[in-house]
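Report on the structure given below.
Values in this text are rule-based calculations from the coordinates and carry no lab data. All figures in this text were calculated on a predicted structure; none of them were measured in a lab. FYI the Cβ positions are ideal-geometry reconstructions off the backbone, even for glycines, and counts take in every protein chain you see.
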Protein chains: 2
Amino acid sequence: MTKIRLDPHVTAYPMPVCLVGAKVKGKPNFMAVAWFSKVNSEPPMMMVSLANVQYTAEGIKENGVFSINFPGKGLVSETDFCGLVSGRKADKSHVFKVYYGELKNAPMINECPICFELKLRETIELTDARVFVGEIIAAYADEEYMTDGKVDIPGTEQFLLIESPTYQYLELGPQFAKAFDVGNKFLK
Amino acid sequence: MTKIRLDPHVTAYPMPVCLVGAKVKGKPNFMAVAWFSKVNSEPPMMMVSLANVQYTAEGIKENGVFSINFPGKGLVSETDFCGLVSGRKADKSHVFKVYYGELKNAPMINECPICFELKLRETIELTDARVFVGEIIAAYADEEYMTDGKVDIPGTEQFLLIESPTYQYLELGPQFAKAFDVGNKFLK
């Protein structure tokens with residue numbers, strides 16, 4: 001196979017999309033983010049990377065808490081809007097219906113099927129972005145996605161982002177293999 | 001909408017899957033990882049989170065370099081295997097055909113349509129995992145996915161993991177909206 005060098009700035013994989021929520025100057029603000037990940041098991045922690053210029057970053061620093069909200073595909077326009085426009089230029093506190101949980105000060109999105117509340121644990125300064133690591137204090141799902149106490153994640157119809165060069169939102173596709181199972185055939 | 005509390009340990013979103021490569025004790029080793037993200041733009045950086053017990057983590061510390069390789073769905077069994085079995089118990093150096101690039105010591109996977117070479121920049125110790133932040137030094141794509149110097153990311157047929165409770169690998173679905181565009185309708 002011939003290998004071609006790419007510009008190393010390319011983000012060459014499909015990314016799930018979340019909305020990071022924080023109060024900034026007393027008002028809820030939400031920002032679309034695709035640079036995030038789970039990072040620790042016990043206690044459970046997630047990270048989000050925000051460019052240094054982001055308004056939401058000010059709110060996380062100010063309050064020490066934030067939320068991660070997972071939109072379904074029916075919220076794609078609202079989500080995209082929250083990625084296009086800074087809270088510095090537009091008041092995004094009315095885009096969604098907001099609710100609060102255990103942390104009292106981490107705004108969550110009622111319309112999102114799955115939401116997490118996080119308490120800031122670590123901040124790592126890189127060169128043009130800052131990684132916020134938060135401990136998940138509580139998680140919520142809409143009742144309609146719950147069966148026997150388990151959440152149906154594909155049923156929430158979360159979606160994916162392909163950044164440069166094509167800038168697309170993709171739906172989730174069907175299951176094609178069983179995880180932590182299909183590789184067993186290589187075990188002798 | 002009625003909100004139900006979930007166990008906060010649930011990883012409630014679809015995750016892209018990569019294979020992290022490092023030499024451990026002189027041999028290439030690969031591990032399936034879904035806890036990773038882009039984290040910085042200039043220079044481009046990515047992070048991977050590895051549990052403290054991981055064999056691959058020893059190789060990253062030892063060499064200060066690693067690779068991130070994106071498999072297509074045709075490699076799902078090999079990828080799953082690399083998540084099921086530790087390099088401590090099985091020699092995974094022969095699962096794939098290995099190649100090297102600019103860093104000389106970060107093993108990449110010939111069968112993966114997209115591969116990155118990274119130089120370790122930061123290590124963040126959490127409680128049961130360690131976050132490795134690497135600078136992307138070079139990126140490669142198979143020639144067949146390139147058109148006019150641009151890579152066709154959906155064409156590489158990368159796949160997604162849903163962890164607990166259903167443990168599924170999902171295909172990518174079709175495009176349903178244009179990113180950084182569909183939200184413009186909210187701009188007045």
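Of note:
- If the chain linking residue B:171 and residue B:25 were pulled fully straight, counting 0.36 nm for each residue of separation and taking away their Cα-Cα distance, it would gain 49.1 nm.
- Whichever aspartates and glutamates have a C-alpha closer than 15 Å to that of residue B:89, once near sequence neighbours (fewer than 8 apart) are set aside: B:58
- Extension gain from residue A:100 to residue A:120, taking 0.36 nm per residue of separation minus the Cα-Cα distance: 5.5 nm
- Those aspartates and glutamates that a straight Cα-Cα span of less than 13 Å connects to residue A:185, excepting residues fewer than 8 apart in one chain: B:78, B:80
- A cut-off under 15 angstrom between Cβ atoms defines the neighbours of residue B:180, and their net charge, with Lys, Arg +1 and Asp, Glu -1, is -2.
- Cα centroid of region A:132-188 to Cα centroid of region A:19-81, whole Å: 18 Å
- Proximal charge balance of residue A:10 [Cβ under 12 Å; K/R count +1, D/E count -1]: 0
- For residue A:161, neighbours were defined as the other residues whose beta-carbon sits under 14 Å from its Cβ, and their charges (Lys and Arg +1, Asp and Glu -1) total -1.
- In range of the label at residue A:127: residues from region B:95-117 whose backbone nitrogen is under 20 Å from the point 7 Å along Cα→Cβ: B:102-104, B:116-117
- Taken residue by residue and averaged, Cβ atoms of other chains lying within 10 Å of the Cβ of A:151-164 number 5.
- Highest mobility in the GNM of chain B, judged by mean-square fluctuation with C-alpha springs under 10 Å and restricted to B:104, B:178, B:23, is found for B:178.
- Under 24 Å from the Cα of residue A:38 - lysines, other chains or at least 8 residues apart: A:23, A:61, A:73, A:104, A:119, A:150, A:178, B:3, B:38, B:61, B:73, B:119
- Sorting the segments B:142-151, A:153-162 by their residues' average number of neighbouring beta-carbon atoms within 10 angstrom, most packed first, yields A:153-162, B:142-151.
- Cα-centred dipole magnitude for the protein assembly as shown, charges only on beta-carbon of K, R (+1) and D, E (-1), debye, nearest 20: 600 debye
- Note on residue A:144 and residue A:178: with the Förster distance fixed at 22 Å, the Cβ-Cβ geometry gives a FRET efficiency of about 0.30.
- Check: chain B dipole with +1 on Lys, Arg Cβ and -1 on Asp, Glu Cβ, in debye: 480 debye
- Region A:1-85: chymotrypsin sites (Phe, Trp or Tyr not before Pro) in DSSP loop, at most 12 other beta carbons within 10 Å: none
- Whole-number percent relative contact order across chain B, with pairs defined as alpha carbons under 8 Å at least 6 apart: 24 percent
- Between A:119, A:38, A:89, the Gaussian network model of chain A with springs among Cα atoms under 10 angstrom shows the greatest mean-square fluctuation at A:89.
- Cα gyration tensor category, rounded, prolate or oblate, for region A:116-174 with a/c compared to 1.5: oblate
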